[in-house]
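S.K.: Next up is a structure, given as structure tokens.
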Amino acid sequence: MRNSISPASIFLMLLLLLHVPLIQCSIFPVDDESDNLIEHTCKKTTHYDLCLSSLQSNPQSSTADVKGLAQIMADILLANVTDALNYIEGLIKQAPEPELERSLTYCAELYIPVVKYTLPQAIDALAKGHYSFANYGISDVAKEAGTCEKKFSGSIQSPLTDWNNLVQGLSDVAVDIVNILLKG
């Protein structure tokens with residue numbers, strides 16, 4: 001007796017093989033999975049809405065794992081700190097009062113090493129899996145933004161409050177995501 005496969009059986013097997021991936025895609029769409037990872041990760045941060053909006057604004061987040069999300073958040077932080085520094089430098093050129101100019105210069109001196117050294121080194125450490133070092137560098141960014149803001153606690157009102165708050169918030173979120181990696 002010969003084992004033969006009928007053409008109908010071959011057709012059914014091919015049909016099944018072609019439809020299983022389609023069924024899996026409709027049950028587990030890639031975007032839902034990535035959104036779930038982003039939401040799940042952001043729920044573990046101190047600023048859920050900021051985390052969610054930041055990560056969802058970056059198309060690379062949809063395919064990232066938690067380490068990738070941490071790297072994306074650190075890159076977003078670096079971009080915002082760089083923008084804040086550029087804003088500060090613009091204000092320094094237009095400062096009408098010497099006291100305001102001194103305070104802005106002080107803040108620029110805090111932000112410059114963050115942009116040039118601290119964050120790039122933290123991002124590099126993150127890529128290499130040195131999460132404690134990355135955590136230390138990223139958390140330092142929030143401290144510098146807070147120190148900058150305190151410089152204006154005297155008679156002058158800070159023109160940097162929104163920037164400093166954003167930088168602190170993004171730093172907090174990035175640290176929270178790195179902490180997820182540290183806990184493994």
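The values are calculated or read from the model by the stated rules, or taken from the named source; none is laboratory data. These numbers come from a predicted model, not from an experiment. Ideal geometry is used to build each Cβ from the backbone, glycine not excepted, and the neighbour counts take in all protein chains shown.
S.K.: Under 8 Å between Cβ atoms, at least 6 apart or on separate chains: pull out the pairs that start in region 64-83 with a residue that is in contact (Cβ under 8 Å) with a residue 40 or more places away in the chain and charged (D, E, K, R) and end on any residue that is surrounded by fewer than 19 Cβ atoms within 10 Å (Cβ to Cβ) and in a helix (DSSP H, G or I).
M.R.: K67/L181
S.K.: Based on what the data block shows, is A174 among the aliphatic types (A, V, I, L, M) and modelled with pLDDT under 95?
M.R.: No; evaluated as a whole, the condition is false for this residue.
S.K.: Could you identify the single residue in A95, A64, A134 that is of a type in the set (A, V, I, L, M), modelled with pLDDT under 95 and more than 13 Å from L170 (Cβ to Cβ)? Let's see the steps before the verdict.
M.R.: Values: A64 fails: modelled with pLDDT under 95; A134 fails: modelled with pLDDT under 95.
Answer to the selection: A95.
S.K.: Inspect region 130-153 for any residue being under 16 Å from the mean Cα position of the chain (by Cα), hydroxyl-bearing (S, T, Y), over 19 Å from S54 (Cα atoms) and surrounded by 14 or more Cβ atoms within 10 Å (Cβ to Cβ) and give the result as yes or no.
M.R.: Yes, because at least one residue in region 130-153 is under 16 Å from the mean Cα position of the chain (by Cα), hydroxyl-bearing (S, T, Y), over 19 Å from S54 (Cα atoms) and surrounded by 14 or more Cβ atoms within 10 Å (Cβ to Cβ).
S.K.: Quick check on region 98-122: of everything there that is small (G, A, S) and either more than 18 Å from K151 (Cβ to Cβ) or more than 23 Å from the chain's Cα centre (by Cα) (or both), which residue is surrounded by the most Cβ atoms within 10 Å (Cβ to Cβ)?
M.R.: Keep residues of region 98-122 that are small (G, A, S), which gives 103, 108, 122.
Subset that is either more than 18 Å from K151 (Cβ to Cβ) or more than 23 Å from the chain's Cα centre (by Cα) (or both): 103, 122.
On the way: S103: 24, A122: 27.
Among residues in region 98-122 that are small (G, A, S) and either more than 18 Å from K151 (Cβ to Cβ) or more than 23 Å from the chain's Cα centre (by Cα) (or both), the one surrounded by the most Cβ atoms within 10 Å (Cβ to Cβ) is A122.
S.K.: Mind checking whether some residue in region 64-87 is part of a loop (DSSP other than H, G, I, E, B) and not charged (D, E, K, R)? Please lay out each step first, then the result.
M.R.: Start the filter on region 64-87 by keeping residues that are part of a loop (DSSP other than H, G, I, E, B), which leaves 64-65.
Keeping just the survivors that are not charged (D, E, K, R) gives 64.
Yes, the conditions are met somewhere in region 64-87.
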